[in-house]
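Asks: Next up is a structure, given as structure tokens.
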Amino acid sequence: MTDAIYTGGCQCGAIRFRVSGVLKDSSICHCRMCQKAFGAYYAPLVSTRGAQLEWTRGAPKKFRSSNFASRGFCDRCGTPLTYEAPDGVAIAAGAFDDPSRLPPVVQFGVEGKIDFVDHLHKLPGHRTEEDADEAPFVLEIVSYQHPDHDTDGDWPKESQA
């Protein structure tokens, strides 16, 4: 049996990674430290414990967020990438090329959970182009984001830097 391969990276493509092995500990953390690190209501993370993590392009810069943890991020585009603690490294779930392969199985830091998070699925949803009357530029957006697959060459491209 061969190990599964997961790839991903930051938004600009300056940092890419590959994880080989079984990833079974995908989580959401609601603690205030994770909220601030991700600039979001919670942090979706995937533990790489028991798998092999390799940085294939670049490497994250680190911010020591506590006496035990460091946070890795891309210093070019700001993408949050890692949570690193004595028990291992977790990767930001959204940084994987196909995050749908890694659904969360547990929540941590629930003492910091914001009440309305449990009700987000009840909000109305709209496709991007439905906002064109109010924000017509959405119909002309050209993404400079790195594609969701490994690429040759340097990233970001000069026209995107």
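The values are calculated or read from the model by the stated rules, or taken from the named source; none is laboratory data. Note that the structure is predicted; figures quoted are calculated from it, not measured. Please note: Cβ atoms are built from the backbone with ideal geometry, for glycine as well, and neighbour counts cover all protein chains shown. Surface accessibility is based on the protein's heavy atoms, side chains included, excluding ligands, DNA and RNA. Shrake-Rupley method; radii C 1.70, N 1.55, O 1.52, S 1.80 Å.
Asks: With θ set to phi - 60°, apply the Karplus curve 6.51 cos²θ - 1.76 cosθ + 1.60 along region 107-119 and write out the HN-Hα couplings as whole Hz, x wherever there is a Gly or Pro.
Replies: My calculation for region 107-119 gives 10, 10, x, 5, 5, x, 4, 7, 3, 6, 4, 5, 10 Hz in order.
Asks: Something else about it: Expressed as cubic angstrom per residue, what is the convex hull volume of the alpha carbon set of region 1-50?
Replies: Per-residue hull volume (Cα only) is 88 Å³.
Asks: Follow-up. Packing-wise, with mean Cβ within 10 Å as the measure, how do 58-71, 40-53 rank, highest first?
Replies: Those peptides, ordered most packed to least, come out 40-53, 58-71.
Asks: What is the calculated FRET efficiency for residue 33 to residue 75, with r their C-beta to C-beta distance and R₀ = 22 Å, to the nearest 0.05?
Replies: 0.65
Asks: Could I have the simple spin-label model distance between residue 127 and residue 111, label points 7 Å from Cα toward Cβ, reported in nm to one decimal?
Replies: Between residue 127 and residue 111, the simple spin-label model gives 4.5 nm.
Asks: Another question, then. Can you work out the Karplus-derived ³J(HN,Hα) for every residue in region 126-140? Use 6.51 cos²θ - 1.76 cosθ + 1.60 with θ = phi - 60°, whole Hz, and x for glycine or proline.
Replies: So the Karplus estimates, Gly and Pro as x, are 9, 6, 3, 5, 5, 8, 5, 5, 7, 9, x, 4, 4, 7, 10 Hz.
Asks: Would you pull out the residues with amide H under 5 Å of residue 15's amide H, same chain only if 5 or more places away, H placed 1.01 Å from N?
Replies: 10
Asks: Sticking with this one: Could you tell me the ratio Rg/Rh of region 57-142? Both radii from Cα atoms, Rh via Kirkwood.
Replies: 1.06
Asks: To continue, here is another question. Above 20 angstrom, tally the Cα pairs of the chain and express them as a % of all pairs, no decimals.
Replies: That fraction is 57 percent.
Asks: Accessible area of the chain with a 1.4 Å probe: how many percent of it is carbon plus sulfur?
Replies: Roughly 52 percent, rounded to a whole number.
Asks: Per residue, what accessible area does the chain have, given a 1.4 Å probe and all protein chains present, in Å²?
Replies: Per-residue value: 64 Å².
Asks: A further question follows. Net charge near residue 117: determine it from the other residues with C-beta under 14 Å of the C-beta of residue 117, scoring Lys and Arg +1 and Asp and Glu -1.
Replies: In short, 0.
Asks: Going by average Cβ neighbours within 10 Å, how do the peptides 106-112, 21-27 rank, with the highest at the top?
Replies: Going by the mean number of other Cβ atoms within 10 Å, highest first, we get 21-27, 106-112.
Asks: Here is a further query. Based on the alpha carbons, how large is the Rg to Rh ratio for region 70-120 when Rh follows Kirkwood?
Replies: Answer for region 70-120: 1.01.
Asks: Considering only 59, 14, 100, whose Cα is most displaced toward the positive end of the charge dipole of the chain, charges sitting on Cβ of Lys, Arg (+1) and Asp, Glu (-1)?
Replies: Positive-end residue among those listed: 59.
Asks: Under 5 Å between amide H atoms, partner at least 5 residues away or on a different chain: which partners does residue 89 have, H built in plane at 1.01 Å?
Replies: 48, 49
Asks: Taking 0.36 nm per residue of sequence separation and subtracting the Cα-Cα distance, how much length would be gained by fully extending the chain between residue 3 and residue 67, in nm to one decimal?
Replies: 19.7 nm
Asks: Also, I was wondering about something else. Kirkwood Rh, Cα Rg: Rg to Rh for region 35-85?
Replies: 0.95
Asks: Now, a different point. Taking H placed 1.01 Å from N in the peptide plane, check which residues at least 5 places from residue 29 or on another chain put their amide H under 5 Å from its amide H.
Replies: 43, 45, 108
Asks: Further question on the same structure: Which whole-Hz ³J(HN,Hα) couplings does region 30-46 yield from phi under the Karplus relation 6.51 cos²θ - 1.76 cosθ + 1.60, θ = phi - 60°, glycine and proline marked x?
Replies: Result, ordered by residue: 9, 5, 4, 5, 5, 4, 5, 4, 9, x, 8, 6, 7, 10, x, 10, 10 Hz.
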